[in-house]
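Written below as C-alpha cells is the structure these notes are about.
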Amino acid sequence: MRKTNEETTSLAIISGIPSSARRVGITTLGCKVNQYESAALAEDLQKYFVLVPFNSTADIYIINTCTVTAFSDFQARQLIRRAHRTNPSAKILVTGCYAQIAPGEIAALDGVTMVIGNDFKNKITELLRDDRTATASIFTGDIFRQKKICNMPVVVFRDRTRAFLKIQDGCNSFCSYCIVPFARGVSRSLQPQDIFSALARFKEGNYKEIVFTGIHLGIYGHDLEPAIDLSHILKEISIRLRDTRIRLSSIEPREVTDDLLNIFINSDFLCPHMHIPLQSGDDRILQLMKRNYDANFYRNLIEKICSTVSDIAIGVDVMVGFPSETEKQFKNTLNLLTDLPVAYLHVFPYSERPGTPAQKLQPQIPESVKKERAAVLRNLSLKKREIFALRFLGKPLKVIVEKTKDKKTGLLKGFSQNYLPFLLAGDTDSLVNKIVTVRTEKYIAGKLYGKIIT
C-alpha cells in the first residue's frame with residue numbers, strides 16, 4: 001500500500017531521519033542478483049533518506065537496470081521517462097547492467113543525473129549524499145578489473161518472506177548471445193565467513209528460506225584461495241543451519257556434480273528444486289551458442305537427477321529464434337523438452353545484443369517466427385507444470401506461507417520445497433513465514449489448493 005506524505009514524515013521521525021530528508025524511490029529490473037543488490041542499497045539509503053514507492057513523488061529516483069535483452073533496455077528507458085514526468089526536478093540515478101554497458105547512451109536521456117556501473121554500485125549512498133555531484137555524471141570502470149566480489153550485506157527484505165543471498169557475481173562462460181559477462185565481469189565469490197555471517201543475520205530475522213543466487217552460481221569458490229566449490233560450502237552450511245531451508249538459483253548443466261546430488265539426497269535443508277538452462281535441444285545451435293554440452297548430455301543429466309532425487313522440480317531456460325535456427329532445429333528442441341520430466345520452462349526469444357558474436361550470425365530469424373516458436377514452448381510449459389503438479393495430489397508437502405494473499409481468492413499463498421505454488425485457507429497472522437505441512441487437494445489454473453495438516 002502506498003504511504004501518504006504524512007505517513008512518510010512519521011516514518012522519518014521514528015527512524016531518526018529529519019523530516020526534511022530527501023525522498024528516494026527505487027525500482028529494479030532483472031534477476032535475483034539485482035533484487036538482492038537493490039535490497040542492500042535500500043537498507044543503506046534509509047540511514048540518510050526516506051524511502052518512498054517508485055511511482056510516487058520523490059526527490060531522487062534510482063533505477064537498477066538489466067540488459068539481458070533489448071526489451072530490458074527499453075523498459076529501463078521507459079522508467080527513466082516516467083520518473084522524469086513524475087518530478088522533472090528530481091535527480092535520476094541509473095545503475096545496473098544497462099548502465100555498465102551503455103553509460104553514455106543513458107546519460108544523454110532527459111533528467112538523468114548519474115549513471116553508476118556495477119563496479120560502483122556500493123558507492124551510491126555516498127555519491128547521493130555529496131551534493132557537489134555534477135549533472136549527468138558517469139561512474140563506471142573496467143568491470144573486468146574487479147577481482148573481488150562487492151559484499152553488500154542485507155538484514156531485511158521488505159515485503160518478502162524468502163531472503164536472497166548473493167554468494168557469487170560475474171560469469172566466465174561468454175556464450176555467443178550473452179552480454180552479461182561484459183556487464184558483470186569475471187566470476188567472484190563471497191568468502192565463506194561472509195556467507196555464514198549473512199545466514200546468521202537471516203536466521204535472527206526469522207527467515208525460513210534463503211535463496212542462494214549468483215550470475216554463474218555453479219562455479220562458486222573457484223576463484224578463492226584456497227579454491228572450494230558449491231558442494232563444499234553447502235556441506236559447511238548443513239552443519240550450521242537448523243530449521244531453515246536453502247534454495248539454489250540457476251546452475252549450469254556441467255556444474256551439477258555427483259557431490260551436489262548427494263547433498264540433495266542426504267540432507268533435508270536443500271530444496272529439491274534446480275533450474276538448469278538448456279537454451280537449445282539442437283547440437284549445431286548449441287555449438288553456435290558456445291554452450292559446453294550437447295543434447296544427449298543434457299538428456300542424460302536430467303534423467304539422472306530425476307531418478308536420483310525424489311520429487312525434484314527442474315526448471316529449464318530455453319531460447320527460440322537463435323540466428324540460423326531452422327524449423328527442424330527448433331523441432332529438435334521441442335522434442336527433447338517434450339520427452340524430459342521437467343517441471344516448467346522459461347522461454348526467451350533470441351534478442352540481439354551489441355558486441356556479441358551471435359549478432360554477426362546470419363540469417364537472423366524474423367520476429368514473427370520467434371513469437372510462434374515461443375508460443376509453442378510456453379504451451380508445453382503449461383502442460384509440464386500441470387503434469388508435475390498432479391503428481392502430488394493427496395500427498396503432503398512442506399510449504400512456506402507468504403505475506404501476501406491471492407488477489408482473486410483471498411487465500412494465503414505459499415511455495416512448496418519443490419517450488420509448487422499453493423493457495424491455502426488459514427489465519428494470516430499466525431501462519432505467515434511458517435513452514436507448514438500441506439495436503440494437496442486440487443489443481444486449478446496453475447495453482448495447487450491445499451489443506452494445512454500440521
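The values are calculated or read from the model by the stated rules, or taken from the named source; none is laboratory data. Note that the structure is predicted; figures quoted are calculated from it, not measured. Reconstructed Cβ throughout: ideal geometry from the backbone, glycine too, with neighbour counts over all protein chains shown.
Some values worked out for this structure:
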read-out	value
Among the candidates 157, 196, 182, 174, residue that is at pLDDT 95 or above, in contact with a helix residue (DSSP H, G or I) (Cβ under 7 Å, 6 or more places away or on another chain), not in a helix (DSSP H, G or I) and not aliphatic (A, V, I, L, M)	174
Qualifying residue in segment 269-286 (condition: free of Cβ contacts under 8 Å to residues at least 24 places away in the same chain and closer than 21 Å to residue 235 by Cα)	no
Looking only at segment 26-60, and only at residues there that are in a strand (DSSP E or B) and touching a Lys or Arg at 6+ places or on another chain (Cβ under 7 Å), the one that is nearest to residue 182 (Cα to Cα)	60
Flag for residue 129 being surrounded by 15 or more Cβ atoms within 10 Å (Cβ to Cβ), among the charged types (D, E, K, R) and either modelled with pLDDT of 90 or more or at negative phi (or both)	no
From 358, 375, 425, 389, residue being small (Gly, Ala, Ser) and either under 24 Å from residue 158 (Cα atoms) or touching a Lys or Arg at 6+ places or on another chain (Cβ under 8 Å) (or both)	425
Among residues of segment 213-235, those that are part of a helix (DSSP H, G or I), touching a strand residue (DSSP E or B) at 6+ places or on another chain (Cβ under 6 Å) and not aliphatic (A, V, I, L, M), counted	0
When residues of segment 85-94 are limited to those that are among the polar types (S, T, N, Q) and surrounded by fewer than 17 Cβ atoms within 10 Å (Cβ to Cβ), the one nearest to the chain's Cα centre (by Cα)	86
Tally of residues being assigned to a helix (DSSP H, G or I) and more than 26 Å from residue 144 (Cα to Cα) across segment 86-104	1
Test for residue 265: is it closer than 18 Å to residue 320 by Cβ and either touching a Leu at 6+ places or on another chain (Cβ under 6 Å) or of a type in the set (A, V, I, L, M, F, W, C) (or both)	no
Residues located in segment 401-447, provided they are in a strand (DSSP E or B), closer than 20 Å to residue 210 by Cβ and aromatic (Phe, Trp, Tyr)	415, 422
Answer residue from segment 137-180, given it is small (Gly, Ala, Ser) and without any contact (Cβ under 8 Å) to a residue 40 or more places away in the chain and is farthest from residue 292 (Cα to Cα) among those	137
When residues of segment 250-272 are limited to those that are closer than 22 Å to residue 295 by Cβ and among the hydroxyl-bearing types (Ser, Thr, Tyr), the one surrounded by the most Cβ atoms within 10 Å (Cβ to Cβ)	250
Residue 398, sole failed condition from (1) crowded, with 20+ Cβ neighbours inside 10 Å; (2) part of a strand (DSSP E or B)	(1)
Out of 76, 83, sole residue that is in the same structural domain as residue 24 (by TED's automatic domain parsing), within 22 Å of residue 353 (Cβ to Cβ), small (Gly, Ala, Ser) and not in a loop (DSSP other than H, G, I, E, B)	76
Some residue of segment 209-216 being of a type in the set (Gly, Ala, Ser), surrounded by fewer than 19 Cβ atoms within 10 Å (Cβ to Cβ) and over 28 Å from residue 360 (Cβ atoms)	no
Filter result (within 18 Å of residue 245 (Cβ to Cβ) and without any contact (Cβ under 8 Å) to a residue 24 or more places away in the chain) within segment 183-222	200, 204
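Yes or no, residue by residue, for (1) within 21 Å of the chain's Cα centre (by Cα); (2) closer than 29 Å to residue 251 by Cβ:
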{"residue": "33", "(1), (2)": "yes, yes"}
{"residue": "43", "(1), (2)": "yes, yes"}
{"residue": "62", "(1), (2)": "yes, no"}
{"residue": "83", "(1), (2)": "no, no"}
{"residue": "96", "(1), (2)": "yes, yes"}
{"residue": "101", "(1), (2)": "yes, yes"}
{"residue": "113", "(1), (2)": "no, no"}
